[in-house]
Amino acid sequence: MGALRKPARFFLIGNNLAIDFANTVVDPGGDANGAIGSWEDLAAFLGAGRGTPEARGVLPLAMKLRADLRSILERLASGKVADAVRVEWINLVLKMEAAFPRLAPEKKGWRLERVQIHEDAAGLLLPVAQAAAQLVVEGASAGVRKCGNPACILYFQDKSGRRRWCSMAVCGNRAKAAAHWRRRITQA
Ligand SMILES: [Zn+2]
């Protein structure tokens with residue numbers, strides 16, 4: 001008897017951390033609430049540990065960020081620029097990047113360390129916000145695209161313009177099969 005394969009917890013097909021995060025509204029296991037419904041889910045996505053009580057409080061902010069991110073991706077995928085109101089949460093998280101250098105003594109001398117100005121758990125979302133900000137700046141040239149299957153709501157980044165599907169296995173084959181049957185029917 002073969003070992004049971006654990007189903008993937010997230011669709012990591014976006015080619016971009018912010019897009020992968022936005023895609024967590026869909027759960028590979030089919031949960032209608034999406035792939036992130038608790039701090040544990042969020043921590044698993046971010047690769048964070050068990051989390052302090054403050055870190056656990058980041059979940060509502062993460063969900064707001066995700067909702068705005070989806071609206072931004074929708075606009076970018078149709079060649080528009082992001083709305084000002086949708087970048088507010090990204091800017092709020094980016095603030096956590098603020099740091100200053102400080103000389104700190106070492107055994108044999110000194111080293112320069114970086115001191116974060118904000119000791120805020122929102123900093124956990126910084127990598128997502130940075131990736132999102134990059135997409136917003138690049139705008140239409142970021143190559144954000146929605147999966148070619150109209151019933152699918154996953155996004156991905158593809159600057160080559162050749163990729164059509166979130167994944168060949170999920171949507172590509174389905175579309176191919178549908179086209180095949182359409183041809184068979186018209187030929188009959
Ligand atoms: Zn798809």
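We did not get these values from a lab; they are worked out from the coordinates using the rules stated. Keep in mind it's a predicted model, so treat the numbers as computed, not measured. Positions of Cβ are backbone-derived with ideal geometry, glycine not excepted, and every protein chain shown enters the neighbour counts.
Summary table below
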{"read-out": "Relative intensity, log₁₀ I(q)/I(0), of the range 1-84 from a Debye sum that treats every alpha carbon as a point, q = 0.11 Å⁻¹", "value": "-0.35"}
{"read-out": "Positive dipole terminus of the chain, leading residue within Ile72, Met168, Ala18 (C-beta point charges)", "value": "Met168"}
{"read-out": "Summed side-chain charge close to Trp39 - residues other than Trp39 whose Cβ falls under 12 Å, Lys, Arg +1, Asp, Glu -1", "value": "-1"}
{"read-out": "Efficiency of FRET from Cβ geometry, Asn91 and Ala151, R₀ 35 Å, rounded to 0.05", "value": "0.55"}
{"read-out": "Contour excess over end-to-end distance, with Cα ends at Thr52 and Gln130 and 0.36 nm allotted per residue", "value": "25.8 nm"}
{"read-out": "The chain, dipole about Cα centre (Lys/Arg Cβ +1, Asp/Glu Cβ -1), debye to the nearest 20", "value": "1040"}
{"read-out": "Rg ratio (alpha-carbon, reference 2.2 N^0.38 Å) - the range 96-188", "value": "1.94"}
{"read-out": "Estimated dipole of the range 29-79 in Debye, rounded to 20 [Cβ of Lys and Arg +1, of Asp and Glu -1, Cα centre]", "value": "120"}
{"read-out": "Efficiency of FRET between Ala169 and Asp31 - r from beta-carbon atoms, R0 25 angstrom, step 0.05", "value": "0.80"}
{"read-out": "Helix-only [θ]222 nm of the chain, DSSP H runs n ≥ 4, -39500 (n - 2.57) each, per residue, nearest 500", "value": "-11500 deg cm²/dmol"}
{"read-out": "12 Å beta-carbon shell around Leu112, net charge (K/R +1, D/E -1)", "value": "+1"}
{"read-out": "Cβ-placed point charges (K, R +1; D, E -1), dipole of the range 53-103 about Cα centre in debye, nearest 20", "value": "60"}
{"read-out": "Pairwise FRET efficiency - Asp158 versus Arg114, Cβ, R0 = 30 Å, nearest 0.05", "value": "0.30"}
{"read-out": "Fewest-first sequence of Ser160, Ser167 by Cβ atoms within 10 Å of each Cβ", "value": "Ser160, Ser167"}
{"read-out": "Per residue Cα convex hull volume in Å³ - calculated over the chain", "value": "206"}
